[in-house]
Structures are given as C-alpha cells and as structure tokens.
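Below is one structure, written out as structure tokens, with a few remarks after it.
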Amino acid sequence: MAIEEKDNLVFLEDEMKKSYLSYAMSVIVSRALPDARDGLKPVQRRILYAMTELGLLPNRPYRKSARVTGEVLGKLHPHGDMAVYDALVRMAQDFSLRHPLIDGQGNFGSVDGDPPAAMRYTEVRLAPLSNELLNDLDKDTVDFIPNFDNSLKEPVVLPARFPNLLINGASGIAVGMTTNIPPHNLAEVTDACIAMINNPGITCDEILQFVKGPDFPTGGIILESENLKKAYEEGRGKITLRGKSSIEREDGRERIIIEEIPYQVNKTTLIEKIADLAHEEKIKGIKTIRDESDRTGIRIVIEVSRVFTSEIILNQLYKHTPLQTTFGIILLAIVNGKPEQLSLAKAIKYYLEHRREVLIRRTRYLLDKEEKKAHILEGLKKALSRID
Amino acid sequence: MANEYKAEQIKVLKDLEAVKRRPGMYVGSTGPRGLHHLVHEVVDNSIDEVLAGYCNEIKVIIHSDNKVTVSDNGRGIPVDEHPDYKKSALELVMTVLHAGGKFDNKTYRVAGGLHGVGVSVVNALSSYLEATIYRDGKIWRQTYSRGKPTSPVEIVGDIDEGKTGTKITFAPDGEVFESIEFEYDRVARRLRELAFLNAGVSIEIKDERFAREEKFKYEGGIVEFVKHLNKSREVVFPDPIYLQGEKGDVQAEVAIQYNQSFILDIFAFVNDINTQEGGTHLSGFKAALTRAINDYAKRTENKESILMGEDIREGLTAIINIKMPDPQFEGQTKTRLGNSEVRGIIDSIVYEGLTRYFEENPSTAKVILQKTISASRVRLAAQKARELTRKKEALGGGSMPGKLAACSEDDPEKNEIYIVEGDSAGGSAKQGRDRKFQAILPIKGKIINVEKSHLVKVLSNTEIKAIIAAVGTGIKEEFNILRLRYHKVILMSDADVDGAHIRTLLLTFLYRYMPDLIKQGHVYIAQPPLYKVTNKNKECFLYSDAELNRLREKLKDDKIDVQRYKGLGEMNPEQLWKATMDPQTRTSYRVTIEDAIEANELFSMLMGKDVEPRRKFIEEHATEAELDI
C-alpha cells in the first residue's frame, strides 16, 4: 500500500534546540517569573484583571472560585484549571503573602500543609489592597494586548500603586533560573521609595536604613545581617531564618514554646521531624510534644525532662530540624521582557520608573479628556452667544 | 617525505557539469547542510596538508557579505602545467571533478577528503571564487565563476621564498542554495573538532558580521576532546586515559574517561571523518576494553568476573582517532569502516595499552572497576525488574498497554503509531484515525526526563513502559529493529510551548534508549495546524504565522474567520484526520541526526543535571526563540 508522501526532513539537533528554546523562553518570560514593575506573574495578573472585570470588588459579595477560574481560563489563560486555582489560592493565603491580594471565604489551606477546599466550595473577592494595584487601569495608564484568540484585550502590567514585587515577594522555577524574593514590610519599602525619589543616587546602605530586611508573614528571626546586605546588593545570597521560641518554667519543669515558624515551613512536618528525632534519641530530653495551635496562632509545646537543659535542646532543634532554615534570596524578575537579577536599589528604581510613566500617562489621559470637554463647552458657549 | 607535489601528481577522473545539475549528490543538500559542507570541503583540503605534515595553521573568515575565506600555510596547490592536460594544475584542481593529489598515494599518505570531489565542487557551486597560492616566492591568483575560470593563472606579486600556502575565498551560489547565510556555531563546531583531532594545529575562525572570533588549538588533542565532551558532567577521574600506537600505515589513538552519567559516548574518527555507523575499529575497541577490564578484575579481585560490555560502557566517553591510507567505507551513509585488519590493530593497541595503564595506575583502575561492578549490579537488578514486569504482563494476558488503540493491519511496514500528548487529544486521534494502519498511544502530561533519571526509575515509569511495549523493539542493548511493530513512530503534541517541551522529552527518551530508531529514520514529528481559517464556507488549515499573514494579504478585503488551535483536543476528529493524520494531506517531518556529537552534547546540556551550561545556552540564543504568551 506504501503511501507516497513527500519526505520532509528535520534534524534532531535543530528540532531539539528550537523546541527547547521556545519552551524555556516562554516559561522564563511569561510564566514563572514576576514582572519587576507590578511583581505579578501573568497568571496572577490575569486573575486580578478577570476579577475586576467580574466586579468582585472588596465591598461586593463573594463569588465562587470556580467562576473566577472559569473566567480566567476562557478569556485570558488557556492552560490547566488547577494551575489557575492554585495561583488564586496562594494569593488568598495570609501565610504565603505578606498582604493577601485576594479575600477568601472558606478553607484556603493552612501552615500545616492541609490542602484548600475544592474550587466549587471556596468563594473569593478582591482584597482592599488589590484596588491599589488595579487603580487607574481604565485611564490609559498601561498597554493592553490582545488575548490568545484575539477576541479581548488584557493589560501587560498593572498600574501598581504600591511596590508589590518587594511587598509580597515571589518564588518561581523557570528553566535554567529561579527566583525567590522574600516579602517585605509595606511601610518600610514605601519609605525607601520616597527616599529614592528625593535622592535618586541613594546607596544600598542608605536604603537599608529604611528596609531592615524581609518581613515574613509567618514571623521568625533572621540571623547574620552581613549576608543579608550582600544579598540586597547583588540580588543573590543566603540568609538564615529561625522560628521564634521561648522557655516556660513551672514547678521546676521546663517547656519550650514555639510561637513562630520560618516562612514556608510546614508545621506538621516540623512536628513530625522533632518527634522522630526524640524517638530515635538523637535529641535527648524531649518528653512530649504537643501542637496547641488554635485560631489565635501557632503554639507548639515541647515538654523537657527535668535533668536536661532547654537551651541545649533548642540548639539541637535549630541544627537538625526546619525550625531553622536557609532562605536563598534570588531577586530575579522580568525587566523589559528579559530576566534580570536585581539589587534592592534596582528593584525600587524600576518600580519608580514604572510609576512615573503611569502618572504621566494618566495625566495626559485626563488632560485629553478635559480638553475635549473644554472644546465642547467652548462650542456650547459660542452656540449660546449666537442664539439671539 | 621526498615525493614531489607537482602537476604530474594530479590525476583527472571526471567532468564538473554533473555537480551543477545535481548539487545534492555532492554536498548532501541545497539547504544549510550543503551550504556548510562547502566550508568543510575547503577546510578538509587544508587538513590534508596538515595530515601530510606541511601545515599547522588554518584560518577561516566569514565575511560580512557571506563570502568565506579559508587560508592555510601548507605547500600551496601546484601551479605548474600538467603534462597530460596542458593546463595549470591549479586550474585542474579547481575545475575538474576528482582531480587531486589524493589519488596518488605517494603524495598524501592519508587524506580526509577521500572521495576527492573536494574543492572543484565548491567552485562549481560558487558564484565567485578566488584562489590565491603562495609558492616558490610568488603569489599566484585565478578567479572563477560557477566553476569556470574568469582569468588565467597569473602572478600578482612576490613573497618570501620560504612562505607557502593556499587561500580560497568563495561566495556560495544564491541560485543553488536556499540560503547563503552561514551559521557561526556550525562552522566553529567542525573546526573545533578538527583541532581536537589534529593536536597542535591552530585553527582560527573569525566572523566579520558579528565581530566574533575564536582560536582552536589543542596540544592535548583528543584528550582535551574527551574533557570537552564531559565538561557538563561529573567525571570519575580527572585526566582521560590516552593510548596510542602505530602498525604499518595505520596510526591510532584513543582517549577514555568515565563520568557519573548512564550514558555511553564513543566517537570514532577515521581520517577526521566521523564514522557514525561504527565499523571494525569500533568493534575492536569495544572487545579490547571489555577484555582488558575483565582480565584486570580477575587478577585483582581473584574471582571469575561477569562484567558485560554494557556494564563496562556505562558512563564511558571515548574518542577513537585513526589515520590510515585507503579506508573502505560501507553502509547507508558511507560511514562504517570496513577494513578488517583495523580490528586487530586497535584491539592490540587498546588491550596492551590499558593493561599497562592499569598496572601503573592502580587507583584509577580501581575506580573504573568499582564503577563497572556497580553498573553490573544495577543491570542485574533492572533485568530482574524487567523480567518481573514481563511475567506480570504475561499473566494479565497480552503485553500491550491498556491505553494503546492498536490497528488492525499486521504488517509493521505499513503501520504507524501516533504518540499523542494527553488523553483529550488521544480521544480525538482515536476517533479521527484510519484504524487499518494507525495506532494511537496517548501519553499523560510531561514524561520523565530520562537524562536525569536512572534506568531503574525510568523503566518503572508507566508512560515509558507503555511506549516501550507499544514500539516493541526493546531498549538499549536489547534493541532489535526486527521486532519494530510500527515503521513510523509519529510524535504528535500540541502546537504550544508545552507541546514543544513534551516533544523534547520524548526525543530524549528515544535518543537515549532507542537511538537506532531515529538513526534508521523511523521517528516522525507530526505538525498540527496553528490556525483554522474559514472564508465563505471554505476551510483551510495553516501551520505558521507566516502562512496566516500571506493569506491575510491575499484575501485583503474578504472577511475571514480565524480560529487559533491551542491544543489537539480542540479539534474535531474529522479535522484532526484532515490536518495531521491523513497521509495524503498531512505535513510531517522525519527526524534525522546531522551530527551525532552535537546531538549528544545538546541532550546532555539541555536535559542534563547541570544548570549552568543550559542557562548560558538560553541566554545566548534568547532572541531566536518563538514565544507563546
């Protein structure tokens, strides 16, 4: 039967290069890394934009997450539904984002690593802070591009009235590169922005007067400030993060109380790890461990046997369990369509440049509008003057 | 070497017109491959001078107008008159096919451009060519156009008596080649390879278009070649083993190093030609390596060894470099060495050399032994696992994966299997196919990256197991092309970037586990359409943005309806059949390997464990990527 068809050839090497490059670059530029201006990955931006379009404002009732996910999938983001829902959930978690961008109703998971409820159960609306990211979107402040099937338009970046990249941080694994930006304190970063507006040549040391370091939503303590400074200067470095604990004494008994755990540490795994170590007697002197966390916050209680010293046990916990972790800071974000490793100063600078442009465009837009209005009024005046 | 290299040594065999009529036959194709072959041919001429021992410097310049200059400091092509033809030897070499010194065994002991088509072919396929010869204290020049001389052989200047060389500048014929744009990387790669294979020769490349230049000179020769191949891998011992020997006219050298991957890389060169299909030298090397290591194991471990060839070759990187007169090439692409005497020569050089090396370097010998013994353990474990799955499948009745939708025809030659991304596309394909000869195997999501995972883990992966069972040939050493159940293995993934990623993962698996499937041309890539355009009740499928733009221009005023396909699942079965599966109308590409060494490097770089080389590659080529937002 041998079907005759023209024999097109493709070289394995060329095919590999071409396919791999388009995959790698797409993941880098438009999937895994945040934009330096609004600190959002495309999927996050699309979720926020779709939610404003749906009118899910902070003062309106919640709507089912499934509706938002469907809206994002159908209009803007032609990928898997779980990817969209996971991104949506993360933006609502107060232990993942310093200032959640989405106000969630229902189970959105916990520090124990419990999964969120399915999207047919949970409900969402925009958090008040998101308004600040989206504000002025309708005043020609940013560019819009066609969506995947050319039927709608979507913003390439949000106006972003606060420096979201630094405030909420980001983490993402692209191809050949990753990003891991810790969250920061809103007031501190805002002060740093103002300082840079007043003094564009501000040095990293001077910025660090305002920004003391990351501000994790889960609390904790950062050791070694020298490494931190280096990380902010070069955009890359490791810092050591420790949970917050105290020692309670009662009837000559001691117990260690852990009230804050390091960022992105799963509380259940931490407790399991401690229990394992106690069980294997790698750490001696732990009598029991209880998780007394409730709606007021985290509280892990470790009962210490009489003859042992709590401080020593605590040091062993730091060494052998995720009660102390390293956080590898990589300030990598997309600048002008290319990934760039940023220093703290550059991150602020790019943000300020973006704001400047937004303000200029908004002003021009408003002026334009007023001029048109003036033109009509001018006309009306003339018309009126000739009525008689 | 007292033989004179003068006009008498040039023999003429054939006419040049044929080249212009069928360029593909002489340079491979009229695409980029053929274009770059021109440079190779000219450089090979210079390399012949290197092999003869008269040249140690070669320079290649890509000019801004895509002309290329190749110059060397060899003896220079003879310019005196040929006694039989009454023409300058230079003109004969440049204008007559199969004219060259290489057919006279005395002048060149060994030579690479063995078919001797050489530079005359380049001349025939160049709109302009200028040959400058430095010889006997004079500078000679002749110019040509499309193989015909446009000037006589003239003396255009004087030069120091001792200085000799050849300089050839040519502009490829734009009417012959699809594109005359040279790729720097492609040229540089071959030059680097030649520099590795000819230790001590300096080869420079300069690209005037992008102001790039590099100089390749490797005193270490193939030892540095092996290091280069292993640069993105973790090696077992730092310095490659180097063995070398000479018997009769055959010179052979071998460099060996082990790395921690599970990959085997042996490249064998004869007179600088990569013998991709192997041959006597390769089988001699493999046999000797296995014997030498087994004997050493017997001596030191004092027990009967059971190390198989595949254990010994796991993680092996080796270069075999042979220089010999009159190599006989066989096989489909004329890249299998047939000279049977070479087997014995290599065998004894490698066996004796390795045995001595092991005695002198017991610590290196020990790590090699450990590595091969652990490989054999893993192999036995994997074998057991495989046998176990086989038994299980036997019990379950039939060894075919449940998801495979088989075809009804029995003859593998007529049959095709589509490996399809995702169950949703698999459903469309199943309904849209011709069930007589088309089988469908849906693969879920992104399959495991075999470059980063060990054999045992790879073989326990459901998707991989399904592919292996469906294809039927077995893998690695057990591969048997006669058991192939489908002569066309077609990879069909979505026309988006994730589809591209899945394609690379599948190709990596096939290349590492069933390389012969690709080498023998059984692997195809289906091209699903990007757009469906409807205009006045007529439908057509478009495969690229360029096609869409062309159509838009053609139908300027007509209203057209464009649907962008993001996934195969978006298509109706009937559409899928028409656009990608019907042999009459579909577009598919057969995958071939152009350069085994580059392919091999690419796979380790793109898919391997080491991130840094990958990042560098992405940064360098970022602008070439087609983005999908």
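The values are calculated or read from the model by the stated rules, or taken from the named source; none is laboratory data. Note that the coordinates shown come from a computational prediction; the quantities given were computed from them, not determined experimentally. Virtual Cβ from ideal backbone geometry, glycine too; neighbours counted across all protein chains shown. For accessibility, only protein heavy atoms count, side chains too; no ligands or nucleic acids. Shrake-Rupley method; radii C 1.70, N 1.55, O 1.52, S 1.80 Å.
Sorted from largest to smallest, which semi-axis lengths in Å does the alpha carbon gyration tensor of the stretch B:484-541 give for its equivalent ellipsoid, taking the root of 5 times each eigenvalue? If you can, show how the numbers build up before the last one.
Working: eigenvalues 182, 41, 8 Å².
Here the semi-axes work out to 30, 14, 6 Å.
Charged side chains reduced to their Cβ positions (Lys and Arg at +1, Asp and Glu at -1) give the stretch A:67-137 a dipole of some 160 debye around its Cα centre.
Working with all protein chains in place, sort B:MET324, A:MET119 by solvent-accessible area computed with a 1.4 Å probe, largest first. Working shown, then result.
Numbers: B:MET324 5, A:MET119 35 Å².
Largest to smallest exposure gives the sequence A:MET119, B:MET324.
Between A:ARG364 and B:SER453, the simple spin-label model (points 7 angstrom out along Cα→Cβ) gives 5.2 nm. At most 15 other Cβ atoms within 10 Å and a DSSP loop assignment: could you name the GluC sites (Glu not before Pro) in the stretch B:205-272 that fit? Hits after loop and neighbour filter: B:GLU208, B:GLU219, B:GLU234.
Over every Cα atom in the stretch A:56-173, the radius of gyration and the widest Cα-Cα span, Dmax, amount to 14.6, 43 Å. Computed across the stretch B:17-216, the Kirkwood hydrodynamic radius from all distinct Cα-Cα pairs reaches 16.8 Å.
Counting only alpha carbon atoms, the long axis of helix A:12-27 and the longest principal axis of chain A meet at about 90°. For the stretch A:85-127, trypsin sites (Lys or Arg not before Pro) are listed when DSSP marks them as loop and at most 15 other Cβ atoms sit within 10 Å of their Cβ; the list is A:ARG120. Compared with the alpha-carbon gap, the fully stretched path from A:MET82 to A:SER385 is longer by 102.6 nm at 0.36 nm per residue.
The separation of the stretch A:77-138 from the stretch A:190-265, counted between C-alpha centres, amounts to 25 Å.
Taking the convex hull of the alpha carbon atoms in the stretch B:332-374, what volume per residue do you get, in Å³? Mind showing how you got there, number by number?
Values: hull volume 4.6 nm³, N = 43.
Once divided by residue count, the hull of the stretch B:332-374 is 107 Å³.
The convex hull built on the alpha-carbon positions of chain B has an orientation-averaged projected area of 32.7 nm². Applying 1/(1 + (r/R0)^6) with R0 = 41 Å to the Cβ-Cβ distance of A:HIS375 and B:ASN535 gives a FRET efficiency near 0.45.
Output the direction-averaged projected area (hull surface divided by four) of the convex hull of the alpha-carbon atoms of the stretch A:186-285, in nm². Please list the in-between numbers first.
On the way: hull surface 36.1 nm².
Its average projected convex-hull area is 9.0 nm².
Spacing of the modelled spin labels on B:GLU213 and B:GLU341, each 7 Å from Cα toward Cβ, amounts to 4.5 nm. Compute the Rg/Rh shape ratio of the stretch A:244-367: radius of gyration over Kirkwood radius, all on alpha-carbon atoms. Ratio of gyration radius to Kirkwood radius: 1.29. Distance between the pseudo-spin-label points of B:TYR85 and B:GLU553 (7 Å out from Cα toward the beta carbon): 4.6 nm. Solvent-accessible surface (1.4 Å probe) assigned to B:THR462 amounts to roughly 100 Å². Against the criterion of solvent-accessible heavy-atom surface with a 1.4 angstrom probe, A:SER385, B:SER588, B:SER283 sort, most first, into A:SER385, B:SER283, B:SER588. In sequence order, the stretch B:512-520 has phi-based couplings of 7, 10, 9, x, 5, 4, 6, 4, 8 Hz under the Karplus curve 6.51 cos²θ - 1.76 cosθ + 1.60, θ = phi - 60°, and Gly or Pro positions carry x.
Evaluate the charge dipole of the protein assembly as shown about its Cα centre and quote only its size in Debye, nearest 20, assuming +1 on the Cβ of each Lys and Arg and -1 on the Cβ of each Asp and Glu.
Numbers: 144 positive and 152 negative charges, 474 e Å.
Result for the protein assembly as shown is approximately 2280 debye, rounded to the nearest 20.
Taking amide H positions as modeled 1.01 Å from N, with prolines and chain starts lacking one, the residues under 5 Å from A:SER245 and 5 or more places away or on another chain are A:GLU259. Legend: translational diffusion of the stretch A:112-201 by Stokes-Einstein, Rh = Kirkwood radius over C-alpha pairs, 37 °C, 0.692 mPa s; D = 197 µm²/s. In terms of overall dimensions, the C-alpha atoms belonging to the stretch A:259-327 reach 33, 27, 19 Å along their principal axes, ordered largest to smallest.
Less than 5 angstrom separates the built amide H of A:GLY235 from those of A:LEU344, all sequence-distant by 5 or more or on a different chain.
What is the percent carbon and sulfur in the accessible area of chain B, measuring with a 1.4 Å probe over the protein chains and ignoring ligands? Write out the running numbers ahead of the final one.
On the way: 13100 of 27640 Å².
That share works out to 47 percent.
Between A and B, buried accessible area from a 1.4 angstrom probe totals roughly 4100 Å², ignoring ligands, DNA and RNA. More than 25 Å apart: what percent of Cα pairs in the stretch B:222-378 qualify? Everything past 25 Å amounts to 27 percent. Every pair of different Cα atoms in the stretch B:121-238 enters the Kirkwood calculation, which places the hydrodynamic radius at 17.2 Å. For A:ASN135 and A:GLU280, what is the calculated FRET efficiency with R₀ set at 60 Å and r taken between the beta-carbons, to the nearest 0.05? My answer for the efficiency is 0.60.
Can you give the translational diffusion coefficient of the stretch B:28-97 in µm²/s, computed by Stokes-Einstein from the Kirkwood radius over Cα pairs at 4 °C and 1.567 mPa s? Mind showing how you got there, number by number?
Details: Rh = 13.8 Å.
The calculation lands on 94 µm²/s.
Projected over all directions and averaged, the alpha-carbon convex hull of the stretch B:479-597 occupies 9.2 nm².
Solvent-accessible surface of protein heavy atoms, probed at 1.4 angstrom with all chains present, puts A:HIS320, A:HIS77, A:HIS184 in the order A:HIS320, A:HIS77, A:HIS184, largest first. Near the amide H of A:SER171, within less than 5 Å, lie the amide hydrogens of A:ILE181, all on another chain or at least 5 residues away, with H placed in the peptide plane.
Rounded to the nearest 5, what % of DSSP beta bridges with both residues in the stretch B:222-378 are antiparallel?
Values: 20 of 27 bridges.
Counting DSSP beta bridges with both partners in the stretch B:222-378, the antiparallel share is about 75 percent.
According to the Kirkwood relation over distinct C-alpha pairs, the hydrodynamic radius of the stretch A:156-227 is 13.8 Å. Karplus-derived 3J(HN,Hα) values for the stretch B:437-444, using 6.51 cos²θ - 1.76 cosθ + 1.60 with θ = phi - 60°, are 10, 10, 9, 10, 10, x, 10, 8 Hz; glycine and proline are entered as x.
Legend: Rg and Dmax of chain A, from Cα coordinates, 26.2, 106 Å.
Each residue of the stretch B:236-253 is assigned a 3J(HN,Hα), and the resulting list reads 7, 9, x, 9, x, 7, 10, 10, 8, x, 9, 9, x, 8, 8, 9, 9, 9 Hz, derived from the Karplus form 6.51 cos²θ - 1.76 cosθ + 1.60 (θ = phi - 60°), x at Gly and Pro. Entry note: the protein assembly as shown has Rg to Rh equal to 1.03, where both radii use alpha-carbon atoms and Rh is the Kirkwood radius.
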